[in-house]
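Quick notes on the structure that follows.
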Amino acid sequence: MWGLKNACSKAFNDPSVSIFCKYLGPSKYSFKCGILRPSSACESNFSFRSASSTKRTFVPFDTIIQNRRLEAQRSILVQVQSEKSCHDLFSFASQFGTVESMHHYSVPGQNHFVVVEMKDAQVTQKMLTKCGHLDKSQVVPVRSPFLWFRASKNKRNLVDEKEYVNINCDSHKVFPPSEEEITEQLAGCQTMAQQMTTLHQITKLNDINTRLRFLVAYQVERALSGLFPLCVIYPFGSSVNHFGKLGCDLDLVLQLDIQSKEDSDDCRLMFHCKSSLGSERSQTLRHLETVGDLLQLFLPGCSQVKRILGARVPIIKYNHDMTAVECDLSMTNLTALYMAELLYVFGEIDWRVRPLVFTIKKWAKDINLTNPTPGRWITNFSLTILTLFYLQSVKVLPSMKLLVDSASPKDRRVSEDGVNCTFLRDISKLQFHPSLPDSTDSLTTLLFGFFEFYSQFDFNTHGVSLYYGTPIPKPEYSALYINNPLERGLNVSKNVSFEELERLKVEVRNASWKLESTANSNNKTHTSLESWGILELCKKQNLSEKAKNVFFNDTMKAKERLVSIQDLFSEENNEESESILVEPDYKKRKSVSAQTLKAVQKAIKTKRR
């Protein structure tokens, strides 16, 4: 499969890996959370089982973050002439210590880079002390883990070829697959469940992308460590919650002194410091502005720095050219990090969660429900919450209240602005059993159920709450109300307009109809050129097709489901009816659903009164 042929050799090193290793022979084994375990079913060269059916080790979110941070501290990013330079770079790095791994990738412009991870962070720091500048008079002499490897004047003795082969410095893709590649992979599947799992595997963040994102965070952290030795920069959002796709933005939060809250009143020696600059927000803005100057003037690879300081959460946006990542840097926003942890926990409870979310996101993107730029439309985060809420309604996921009630004292977290982010962080202690049987086929059932659920959901009077796992009365006048599971006084979908909500209603009804009309697609063999399953679901339709699909069921006869406008209003005042309904372009007979026309007729009678 695309993007997976080099994954097996490093599967144990990444606790987030969930792939099928086809090189292990006919026994068919699968990796999950660093555990190699046999599979009972093989779906499109992948095998997926949930924690309910196979006992597996749960890796806490904090452990994953800490391991990735240490991994970044042991690594350097080196620009090389081509992939052929990897062997020479390995020989040079081996002079300082043991090379743990090497990962090659390229970016547009034929620029080649290699991530070199050493076995010990001290060895990496020793390597950095041996680096130099070509001409200090022509550059800002910054020292960072971002380097370039120039050709050697003298021939060096290369290390044993066997050692280099064990490193397996193969090329990796850091960009998402094209639509043509995705279509080819999905068309080659046998069932819709296979399409969903395949889509998840080929579009999710891979190991090299995760390494690069933590390296970008470490670059800024290292630059600030002179003034703030205890500063920490955490990636959050889709980069770490395991719902991220290839090419997604990198969200970063900066904490200048992570241990400041642990200062004791018994300290005798106190630091001299500058006074704060007015309010906390004004101080944050000044600090972000200074960090923006640091990124723009000193740190290599950082370009197109933009200061968006008027937003509710002020951020610095910039591009990192060497890693092809777009970054958003904020301060004092640890609540967002805890939100990423909450989504990670929900995703780990049941293996079906992430394939379903990825499918819903692709559907929304392909039919233009979502947009990469902020606006009045629904976001991927809101779609994720809607999907999790649906899974709570069918008892595949527990309510957040159960996670909060099951939390222990060590699970207590409170953000810097007083938000209580306490919930159970070790799901191995969770007492919950999903109602839907754990099987690969149930993925298709859940996809059908999602669209059916929201095609009947009353958005006018009810809101969505992950905390309770059930609909709640709508507490405010807004088109769509999705309660923030951590800051439960906030509506995360407040930006969605009434027009966009109506589009969402229409599209979920249309998708429900389309899936129902193709319910028997799993019972036949599909050709590689045929559009079916997810591909048909995400296929754009013209407006006339959508209008027809939203209201009509293909099992109904056309005579029973269609009614003429003229017949419906034959007893009404023709002159008044024509003045309201009939325009020059509507002289011909139109057929719509009886339910819709009754609503129109009621509106006309109301207007008469």
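We did not get these values from a lab; they are worked out from the coordinates using the rules stated. These numbers were taken from a predicted model, which means no experiment stands behind them. As a convention, Cβ positions derive from the backbone with ideal geometry for all residues, glycine included, and neighbour counts pool all protein chains shown.
Shown is the FRET efficiency for Asn111 and Thr57, computed with R0 = 45 Å from the Cβ-Cβ distance and rounded to the nearest 0.05: 0.70.
Label positions at Ser137 and Leu269, each projected 7 Å from the Cα along the C-beta direction, are separated by 4.3 nm. Near Gln283: Cβ cut-off under 12 Å, other residues only, Lys/Arg at +1 and Asp/Glu at -1. The net charge is +1.
Pairs from the table (Lys306/Lys410; Lys306/Lys362; Lys173/Lys395) lying more than 31 angstrom apart at Cα are Lys306/Lys410; Lys173/Lys395.
Full extension of the chain between Asp411 and Val394 gives 3.4 nm of extra length, using 0.36 nm per residue less the Cα-Cα distance. Extension gain, Leu490 to Leu297, is 65.7 nm, computed as 0.36 nm per intervening residue step minus the present C-alpha separation. Can you compute the FRET efficiency between Tyr477 and Val313 using 1/(1 + (r/R0)^6), with r the Cβ-Cβ distance and R0 = 25 Å? Round to the nearest 0.05. So, using R0 = 25 Å, E works out to roughly 0.55.
Taking amide H positions as modeled 1.01 Å from N, with prolines and chain starts lacking one, the residues under 5 Å from Met331 and 5 or more places away or on another chain are Leu254. Are any of the pairs Lys361/Lys514; Lys204/Lys317; Lys514/Lys539; Lys361/Lys539 more than 19 Å apart by Cα-Cα distance, and if so, which? Distance filter (> 19 Å) returns Lys204/Lys317.
Positive-end ranking of Leu436, Ser415, Phe448 along the dipole of the stretch 329-450, with charges on Cβ about the Cα centre, is headed by Phe448.
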